[in-house]
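The block underneath contains the structure these notes are about, expressed in structure tokens.
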Amino acid sequence: MHAELLAPGHRISSLTGLTPAGDVGETLCFSQGSVAAEAETDPSGLTVDATDWVALPPLADLHAHLDKDYTWTAFGEPEGPLEDAIACWAEHGEHHTYRAIKAGARRHLLAALHSGVTAVRSHTNFHLGDDPLRGVRALAELRTEFAGVVDLQVVMAPGPWDGPDDLGRAGIPLGPDLIGGFPHLADDPAADLERCAAFAEEFGLGIDLHTDETLDASSVGLLQLAERTRHWPAGRIRSAGHCVSLSTQDDATRARTLAAVAAAGVSIITNPLTNLYLQGWQHPVATPRGIPPLREIMEAGVTLAAGGDNVQDPFNPLGNADMVDVACELVTAGHLTPAEAWHVSSHGGRATFGLPPARGLVGDVADVVLVRAAHTAEALAERAPDRVVIRAGRVVAVRRRVVSSVLDPHSPSDPSSVPTAEGAMQ
Ligand SMILES: [Zn+2]
């Protein structure tokens, strides 16, 4: 069977004719849900001709806000920096129902899955109005619904405005995976970070904090987070999202901070789409990018992941749940190579999430995204539309570009107007 005929449910023994990419050569064999040597292949599945396709590590979105997705129009089509987005959320969030939260989150997860994202970590606020835990509950239910297809981690994120931790304690039985927070928005960021860390410790949970989401160089929450968690057990997650102020600090401060972050095992999650949008409104020229120094972070030995952050909500009117768009921005605005950008958006995310590697090496989980492209750079540049998502050796999602035209593609009359039929499935 050719790869373009694959459908969800198909079980695969081997992919042949692949264009080599990363750690994967021309053939990729599976057995019992893992990558296997050719001689050990389970013969009960399909042998697939994957000529013209590359097999890339599956993508991981480590910073989402599923509880806010697709609210931009309903919330009045706001524009502006972080403070304005927060104010808009405070004004409209009370009317964002459990039903709407769950529908938007499900739409996001389906779009993510079809683009090759098999792991999502999402924050959720406590919501204004009745039933403040409706976001935590909706996401916990979706975590079960998508189990085995998209791994979902739920970050219950009490803000400094939420007062004492009573609400957080009420949310613990819903099973949040991690505790979140927004210390840089508190009057006393260090005290708020301490509150979040102590609350997580009380329940033996890890943390993923919004950290230093500001161009103000004096915001040093990242260093404080490293110092606060460096004695935690090695397996307990500690992540810092955004880390925008790292892009405005001097060499010595950055070096000291990143050394502490590496030593403490804190992973950094960069969110280029949202921070390019939210930061810099006061700088119409030479606009700061809001993206931390990505290669410097990796060279310091820190695990770097990426997130799509906001999808069509007050914090970003765009965003589409496809980590390929995020990876493109890691190249364009973050100055990583295409291979580095895919690495951060896949391996970096999986490591931060706590998932086993999916490099395509023998013994790795048989999770891969097949992309119809000549190489990683083309997969990014073209936002390659044709993708087949494989988990444990089984196809779980297929996305295809369908093109059609009223023009006769064989007509010689005006060759310049002939659309491409490459990838057409009709
Ligand atoms: Zn966020």
Checklist entry - Given springs between every Cα pair under 10 Å in a Gaussian network model of the chain, which of Ala198, Ala262, Ala21 has the largest fluctuation? => result Ala198
Checklist outcome for this item: From the Cα centre of the range 275-306 to that of the range 345-396, the distance in Å is 25 Å
Checklist outcome for this item: Between Gly17 and residues 5 or more places away or on another chain, the pairs with built amide H atoms under 5 Å apart involve Ala50
Checklist entry - Shape of the range 68-206 from its Cα gyration tensor (a ≥ b ≥ c, root eigenvalues): rounded if a/c is under 1.5, otherwise prolate when a/b > b/c, or oblate? => result oblate
Checklist entry - Quick one: Cα centre-to-centre distance for the range 319-340 and the range 78-130, in angstrom? => result 22 Å
Checklist entry - Round to a whole number: what % of the accessible area of the chain belongs to carbon and sulfur, probe 1.4 Å? => result 53 percent
Checklist entry - Using θ = phi - 60° and the Karplus form 6.51 cos²θ - 1.76 cosθ + 1.60, what ³J(HN,Hα) does each residue of the range 253-266 get, whole Hz, x for Gly and Pro? => result 5, 4, 5, 5, 5, 5, 5, 5, 5, 5, 5, 7, x, 7
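Mind ordering 151-158, 104-111, 90-97 by average Cβ neighbours within 10 Å, highest first?
Ranked by mean Cβ neighbours within 10 Å, highest first: 151-158, 104-111, 90-97.
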Item to check | Relative packing of peptides 144-150, 367-373 - highest average C-beta neighbours within 10 Å first | outcome: 367-373, 144-150
Item to check | Label-point separation, Ala339 to Leu361 (7 Å along Cα→Cβ), nm | outcome: 1.5 nm
Next on the checklist: I'd like the Kirkwood hydrodynamic radius of the range 136-258, using the inverse of the mean 1/r over distinct C-alpha pairs, in Å.
Outcome noted: 15.2 Å
Checklist entry - Relative contact order, percent, of the chain when contacts are C-alpha pairs under 8 Å separated by at least 6 residues? => result 21 percent
Item to check | Separation between Cα centres of the range 133-188 and the range 1-52, rounded to whole Å | outcome: 38 Å
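Report, in deg cm²/dmol and to the nearest 500, the calculated mean residue ellipticity at 222 nm for the chain, where each DSSP H run with n ≥ 4 adds -39500 (n - 2.57) and the sum is divided by the residue count.
On the way: 13 runs with 124 residues, N = 426.
One gets -8500 deg cm²/dmol as the mean residue ellipticity at 222 nm.
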Checklist outcome for this item: Counting Lys and Arg as +1 and Asp and Glu as -1 over every other residue whose Cβ sits under 10 Å from the Cβ of Arg134, the net charge comes to 0
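Where the convex hull is taken over the Cα atoms of the range 59-353, what is its projected area averaged over directions, in nm²? Don't jump to the answer; show the numbers that get you there.
Working: hull surface 54.8 nm².
With every direction weighted equally, the projected area is 13.7 nm².
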Next on the checklist: Show me, for the range 64-79, the HN-Hα J-couplings you get by feeding each phi into the Karplus relation (A = 6.51, B = -1.76, C = 1.60, θ = phi - 60°), rounded to Hz, glycine and proline as x.
Outcome noted: 10, 10, 4, 6, 10, 4, 6, 9, 4, 6, 4, 8, x, 6, x, 9
Next on the checklist: Leaving out ligands and nucleic acids, and using a 1.4 Å probe, what accessible area per residue does the chain come to in Å²?
Outcome noted: 41 Å²
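The values are calculated or read from the model by the stated rules, or taken from the named source; none is laboratory data. The shown structure was predicted, so the numbers you read here are calculated from the model rather than taken from an experiment. Every residue, glycine as well, gets a Cβ built from its backbone with ideal geometry; the counts of neighbours run over all protein chains shown. Accessible surface is based on the protein model in full, side chains and every heavy atom, while ligands, DNA and RNA are left aside. Shrake-Rupley method; radii C 1.70, N 1.55, O 1.52, S 1.80 Å.
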